[in-house]
Amino acid sequence: MGCWIMAGITFREAAKKKILLTALIAGAAFLAIFGVGLHFQIEDFSARATAPFIRYQVLSAMLMVGLYTVDLLSVVMTILTSVDTLAGEISSGTIQAIATKPIARWQILIGKWMGFAGMVLGYVALVFGGTIAVAYWLGGVTPENPIRGALLVLLECLLVLTVTFMFGTWYSTLTNGVIVLGLCGVAFLGGWLEQMSGFTESARLVTLGIVSSLIMPSEAVWRRAAFEMQSPLAGSLQFTPFANVSVPSWTMIGYAGFYLVVALAIAVYHFHARDL
Amino acid sequence: MDHSDRFAIQTKSLRKVYGNKVAVRNLSLTVPRGSIFGFLGPNGAGKSTSVKMLLGLVKPAGGTALVLGAPAGDVEVRRKIGFLPEDFQFYKWLTAVELLHLHGRLCGVPRAKLRARVPALLDLVALTPHRDKRLQGFSKGMLQRIGLAQALIHEPELIFLDEPTSGLDPMGRRLVRDIIRAQRERGATVFLNSHLLSEVEITCDNVAFLKDGEVIASRDLRAMPEDEIRVVVCARKISAEIVAGLSKFGASASLEGEQLIFTVRSAEVLPDALRHLVAAGADVYQFTPERVSLEDLFVRIMGEDRGL
């Protein structure tokens with residue numbers, strides 16, 4: 001019961017502070033620009049009588065760019081909206097009025113996590129789904145395995161959310177944000193270095209990429225999602241940004257899930273053990 | 001022997017250390033059920049840390065604490081505990097009504113009961129006209145009052161109030177004082193952490209004085225009028241022998257010129273003390289007994305060098 005009350009209050013907070021509305025407006029603006037871009041490209045194709053095969057491949061690539069943007073937006077939104085929830089309430093003392101109620105600390109943390117997870121789910125569903133819908137509606141293109149891709153993007157966001165919660169039980173809002181963004185940066189760089197290794201055939205770059213993914217597997221989850229969603233032809237071409245010459249394995253995805261569970265367990269434990 | 005029926009709070013050698021700083025050294029105290037207990041001490045004495053330990057917000061480094069018969073921090077016992085933190089802060093986007101409903105639900109109060117309880121509490125803390133205003137528009141005093149209301153939402157047996165009158169005007173203080181007394185009337189125990197000694201003096205039944213993380217004295221304030229009486233005497237012809245003779249009344253005395261000040265433990269000895277002065281030849285033209293205020297007592301116990 002305590003968890004649901006906390007999840008509900010987290011939702012209401014996001015609604016009252018217009019966080020949800022702002023995020024949705026930003027998402028809608030993105031969809032609008034994406035749709036206009038797609039529309040212009042389709043008009044140009046029609047004017048030049050481009051071959052359907054080329055047209056389909058370019059529009060699919062544009063869809064992947066759109067989905068990659070959705071992924072980035074979702075991760076950044078997840079961090080920005082949740083970075084203050086524990087750290088801020090601990091430093092302001094707001095948490096004291098809650099933590100002295102007959103509700104266990106794990107319920108406070110899990111309840112808040114559930115609230116944010118629900119919002120992330122809604123956001124990913126709307127913006128990710130919206131992007132696919134716009135691409136299909138305007139250009140008739142769809143990604144391969146969209147559900148699997150969406151679930152992987154959701155896993156990535158939940159992973160980032162959980163890491164934000166974990167460090168939020170230790171550090172202030174600002175420090176927490178710096179740490180989580182830094183970790184995402186490590187994951188991002190590691191992913192691209194690993195990608196580069198496909199061209200340079202550097203085993204050491206592959207190792208560096210894997211180590212980065214072990215430190216923070218968020219980018220690896222996205223690269224798997226991209227691999228799942230791209231067309232077989234694009235996947236076979238090794239010169240697009242989403243060509244996964246070194247595709248993260250399902251073992252890595254399993255590791256990301258394990259990472260999430262461990263991070264959540266550490267967050268619960270440390271929130272329970274710390275002084276408020 | 002189980003004292004949990006008699007005492008709302010029992011602590012023994014409670015200790016808290018932050019790094020190499022000892023916040024609470026050795027807290028041993030008992031708070032009788034149904035009383036208003038004042039917890040006094042200078043800044044940095046460890047009052048707030050002690051309260052946080054009793055509420056389970058802060059983990060003790062040593063010692064034991066029983067609150068309503070259960071270890072401090074027990075989740076189930078919190079159903080019977082209310083808490084107003086110092087400088088109450090909460091989600092500013094909530095209205096007064098929403099805040100009370102939220103805290104009521106967190107305390108497990110059924111919705112049907114809350115529908116009657118919330119308006120009654122808003123009325124009690126005089127915030128009914130502001131019931132639908134968001135907290136972001138509240139003054140500090142209004143926040144304190146809504147904070148007090150949330151602490152009472154589930155009719156707790158034990159209420160911790162950390163500086164409940166800070167930020168309140170005289171009317172607000174009176175309101176809070178009346179509410180605290182009403183809680184005692186219904187059988188609740190109130191643990192009051194306050195800097196305002198005059199407030200504590202007229203509200204509390206018992207007080208404990210905390211210094212450097214340790215209870216160094218405690219008093220039953222209901223017995224205070226008979227406990228300490230300071231007498232100011234203006235007289236001529238007072239000799240050192242006359243002053244020394246006051247010791248048989250259990251008095252400690254000091255003489256400066258023609259002004260003699262002495263303290264006795266009971267008003268019953270005052271006529272004899274006066275007779276002693278006159279019989280010894282002093283020309284007494286003023287003899288004024290004064291009750292020792294809590295502030296005097298505080299300064300004496302804490303030492304002159306420590307301010308509030």
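The values are calculated or read from the model by the stated rules, or taken from the named source; none is laboratory data. All figures in this text were calculated on a predicted structure; none of them were measured in a lab. Virtual Cβ from ideal backbone geometry, glycine too; neighbours counted across all protein chains shown.
Being modelled with pLDDT of 85 or more and in a loop (DSSP other than H, G, I, E, B) is the requirement here; does A:PRO248 meet it? Here the answer is yes, as A:PRO248 does meet what is asked.
Considering B:ALA8, B:ALA70, the condition of being without any contact (Cβ under 8 Å) to a residue 40 or more places away in the chain and of a type in the set (A, V, I, L, M) is satisfied by B:ALA70 alone. Taking segment B:1-118 and the strands (runs of 3 or more DSSP E) fully enclosed by it, the elements with 2 or more residues that are away from chain A (no Cβ under 14 Å) and among the hydroxyl-bearing types (Ser, Thr, Tyr) are at B:7-18, B:21-32. Helices (runs of 4 or more DSSP H) fully within segment A:47-135 that include at least 1 residues being within 25 Å of A:PRO146 (Cα to Cα), modelled with pLDDT of 90 or more and charged (D, E, K, R): A:52-82. Inclusion of A:GLY139 among residues that are over 24 Å from A:LYS16 (Cα atoms) and more than 14 Å from every other protein chain (Cβ to nearest Cβ) is warranted.
Across segment A:12-41, which residue is surrounded by the fewest Cβ atoms within 10 Å (Cβ to Cβ) among those that are within 14 Å of chain B (Cβ to nearest Cβ) and in a helix (DSSP H, G or I)? It comes out as A:LEU21. Checked across segment B:101-123, the condition of being buried (at least 19 other Cβ atoms within 10 Å of the Cβ), under 28 Å from B:ASP74 (Cα atoms) and either in contact (Cβ under 8 Å) with a residue 60 or more places away in the chain or in contact with a Pro (Cβ under 8 Å, 6 or more places away or on another chain) (or both) holds for at least one residue. Can you say whether B:GLY82 is in contact with a strand residue (DSSP E or B) (Cβ under 8 Å, 6 or more places away or on another chain) and buried (at least 23 other Cβ atoms within 10 Å of the Cβ), as far as the supplied structure shows? Answer is yes for this residue.
Scanning segment B:42-58 for residues that are within 16 Å of B:VAL17 (Cβ to Cβ) and within 15 Å of the chain's Cα centre (by Cα) yields B:ALA45, B:GLY46, B:SER48, B:SER50. The single residue among B:PHE39, B:PHE88 that is within 23 Å of the chain's Cα centre (by Cα), under 28 Å from B:ARG134 (Cα atoms) and buried (at least 23 other Cβ atoms within 10 Å of the Cβ) turns out to be B:PHE88. Restricting B:ALA273, B:ALA244, B:ALA253, B:ALA279 to residues that are at pLDDT 85 or above and surrounded by 19 or more Cβ atoms within 10 Å (Cβ to Cβ) narrows the list to B:ALA273.
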